Amino acid sequence: MPRDGELVNLLGELKRRNVFRVGIAYLLGAWVLLQIADFILDVIGAPSWALQALVMVAVIGMPVVLIFAWVFEITPEGIKRESEIDRTASIAPQTGRKLDRAIIIFLAAAVIVLLADRFTSREQSAEKGSEPLSRETTAQPMAIADKKGGLTSTDTAAAEATDSPSIAVLPFVNMSSDPEQEYFSDGLAEELLNRLAKIDSLRVAARTSSFQFKGQNLDVADIGRQLNVTNVLEGSVRKAGNRVRITTQLINTQNGYHLWSETYEREMDDIFGIQDEISGAITNALKLKLGMQEVQGPPTNNLEAYQIFLQARFLLAKRGAANMHQAISLFDRAIELDPAFARAYSGAAFTWALMPSYAGVDTQIARQRVQALATRALELNPNNPEPYVAQARIQRYYEGAVGVAQRDFEKAYQLAPNDVDVVNLYGDFLFLTGRLDEAEAMERRAVDLDPLAAVHHADLSFVLLARHKNTEALTFARTSSQLEPNVPDRQDALVYALAVNGEFDETRQFIERAVEQVEGVEAFVNAWRCFLAYQMGDEKRLRTLLAERLAEADEFKFNTYSVAAWYTVWLDGGSAAVPLLQKALEAEEYMLTWPEMFFLPELLSDDPDFLAFWEQPGLRELMAVRRANWKGERLGYWKKREQP
């Protein structure tokens, strides 16, 4: 064991021979070069082992360089062994000063590399993605709603966000050179969102709201305020051949601190393992208990089927007839590749359940497809809520199916109480069956889970209008319109809310602006003008509009007969409306059974023929359910007609 004096002499000799300086310069220089190599190898798509090999070379080189610095010295005549040099002729001090300058240069280069990596990653997050919304588009509606003072559910959610763990999963940035891989980065984020939503103790913002921020570079604090969450998960995906690199980070929205971050680079075959690791790491970071339902096997062992499935979900989320037809084809292809892929069956079933509304598909055909696909999906996985929702959604309740739909919705909600699609559609069903307190609570919950999705604000507005909470209904209707100003369905609630609140001039002006600015609004305009005339008591104008509606019935294709029948009851009595009601039943128009108009027939007319119409199979059961649930409150838009 060396004595203290010998140790001091050793340290002094190490210093004199510049061994410490050489070591520090080597570490800094190697780190900078490895960062540059990482970038270049990433760009050219080199395998991950290439960088690992360079790291190993750098590690092995460290002791070699230190030994070299101890044994040799650089002199004006070249490199010589240190033992051969007269110490009075040594230039080690000059070499040390040069090494000091080198250390400073390498240190500055390291700082530059760190800053460049930080800022370029932010810019890529802002530039990648498609169809970005403006900051005003997402923030403005919430500000207006708050100013009106009606969004009590959002206020509640804000309080919940600070009291319980909550998270939003933002769409992952597609860093691949192929923009067609967008479906894959979006799909991974959505899959993680779905996994996290199964944790009872974690409140997860719904996909529609989280994905509003796609392609934006907003501060996480702004995102947290708009979504009422305390944490945000963001990431990027680079896919090259059969390799995938996923970088993720979990950020606290209240203080901006990174709670956790990680980079995964694996073969595509291990994609499900990566998803398990990420969701597990998040639960650990948030100190949550991981529910047993999270511990599941992969949805399929066929990687090609899974990638096709993600493409199908990507298109389904966009809605629209063309996208949904293509989604069905992709779901079918995934099923061909893996006949035991339960979620492919349920995804196809849910898409078919929406096809009559979005693509004009015959309801009977859609119902048959939903039944077959949902049945098979439940055989494969009885704990998947999506098939139950699909079955309940496609029922039109004309065939005694109210009880069946009720059981399906209850089962879906039991399995997935945090799934906003389940919550929203179950709220619609509760509204349909007259359970109005529960319907309002469920639609408010949908707004809380998905605050930037216009559809939930619109649905809640209609429930409030039916319950004569008109001022608050107008607040939500305005928010819905502002969130999706170019979607006709989202303008619908605002027209009705304005008219009910007596804002006739604004209603008229809004309709005319919509005709000029909103594509596809033509199918709504006649119904809007009819409602305005009805609210104003302008019977002459209403009769003219109804005549136009019936004369061009093939052009409207939007609850043509049910809307006309309701106004006919008001104008000419129940008996005059029966032929129109029968046509509405044959066309399976959903407004025929929607509560705002025909809640209970006896509240509108005592005409025997009119009442008899509602005693037909299916309709009779629905009316009986409503009577059992009705608490005697005034409902819908019906008002007593003043006789001339």
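The values are calculated or read from the model by the stated rules, or taken from the named source; none is laboratory data. It should be emphasised that the depicted structure is a prediction, and the values quoted were computed from it without experimental measurement. Don't worry about glycine lacking a Cβ; one is built from the backbone with ideal geometry, like all the others, and counts go over all protein chains shown. To get the accessible areas, we keep the full protein, side chains included, count just its heavy atoms, and leave off ligands, DNA and RNA. Shrake-Rupley method; radii C 1.70, N 1.55, O 1.52, S 1.80 Å.
When the chymotrypsin sites (Phe, Trp or Tyr not before Pro) in the stretch 233-284 are filtered for DSSP coil states and for at most 13 other beta-carbon atoms within 10 Å of their beta-carbon, the remaining sites are 257.
Name the residues of the stretch 318-336 whose amide N is less than 18 Å from a point 7 angstrom out from the Cα of residue 304 along the C-beta direction? The answer is 329-336, whose backbone nitrogens lie closer than 18 Å to the label point. Sequence-ordered 3J(HN,Hα) estimates for the stretch 309-315 from the Karplus curve with 6.51, -1.76 and 1.60 and θ = phi - 60° stand at 4, 5, 4, 5, 5, 4, 6 Hz, glycine and proline given as x. In units of the compact-protein estimate 2.2 N^0.38 Å, the stretch 440-527 shows a Cα radius of gyration of 1.02.
With charges set only on the Cβ (+1 for Lys and Arg, -1 for Asp and Glu), what does the dipole of the stretch 188-228 come to about its Cα centre, in debye to the nearest 20?
Working: 6 positive and 5 negative charges, 20 e Å.
Dipole magnitude for the stretch 188-228 comes out near 100 debye.
Shown are 432, 550, whose ranking by accessible area with a 1.4 Å probe and every protein chain present, most to least, is 550, 432. With both labels modelled 7 Å from their Cα along Cα-to-Cβ, the residue 243 to residue 571 distance reads 7.1 nm. Once backbone amide H atoms are built at 1.01 Å from N, residue 72 has 82 as its partners under 5 Å, excluding neighbours fewer than 5 places away on the same chain. Classified by the C-alpha gyration tensor, the stretch 386-469 has an oblate form. Its axis ratio a/c, with a ≥ b ≥ c, is 1.5 or above, and a/b does not exceed b/c.
Using θ = phi - 60° in the Karplus curve 6.51 cos²θ - 1.76 cosθ + 1.60, the 3J(HN,Hα) couplings for the stretch 249-263 round to 8, 10, 10, 7, 6, 7, 10, x, 6, 7, 7, 5, 8, 6, 10 Hz; x is entered for Gly and Pro.
For the residue pairs 198/318; 318/639; 583/631; 540/631, the alpha carbons lie more than 29 Å apart in 318/639; 583/631; 540/631. Can you work out the FRET efficiency for the pair residue 639 and residue 39, with r the C-beta to C-beta distance and R0 = 56 Å, to the nearest 0.05? For residue 639 and residue 39, the calculated efficiency is 0.20. Taking trypsin sites (Lys or Arg not before Pro) across the stretch 588-644, the ones in a DSSP loop with at most 11 further Cβ atoms lying within 10 angstrom of their Cβ are 631, 634, 639, 640.
First measure r as the distance between the Cβ atoms of residue 219 and residue 15, then evaluate 1/(1 + (r/R0)^6) with R0 = 56 Å and state the FRET efficiency to the nearest 0.05. The computed FRET efficiency comes out at 0.70. Distance between the 7 Å Cα→Cβ label points at residue 582 and residue 468: 3.5 nm. Maximal additional length on extending the residue 263-residue 624 stretch stands at 124.2 nm, based on 0.36 nm per residue less the C-alpha distance. Here the label points at residue 611 and residue 379, each 7 Å from Cα along the C-beta direction, are separated by 4.8 nm in the simple model. R0 = 45 Å: FRET efficiency of residue 326 with residue 107, Cβ-based, nearest 0.05? E between residue 326 and residue 107, to the nearest 0.05, is 0.25. Annotation: amide H of residue 452 within the under-5 Å range of 209, sequence separation 5 or more or interchain, hydrogens built in the peptide plane.
Note on the stretch 484-560: Cα convex hull, mean projected area over all directions, 4.8 nm². Here is the list for the stretch 452-519: GluC sites (Glu not before Pro) lying in DSSP coil, each with at most 13 other C-beta atoms within 10 angstrom of its C-beta, are 519. Proximity of backbone amide H atoms, modeled 1.01 Å from N, is registered between residue 173 and 235, 236, 237 at under 5 Å, excluding neighbours fewer than 5 places apart on the same chain.
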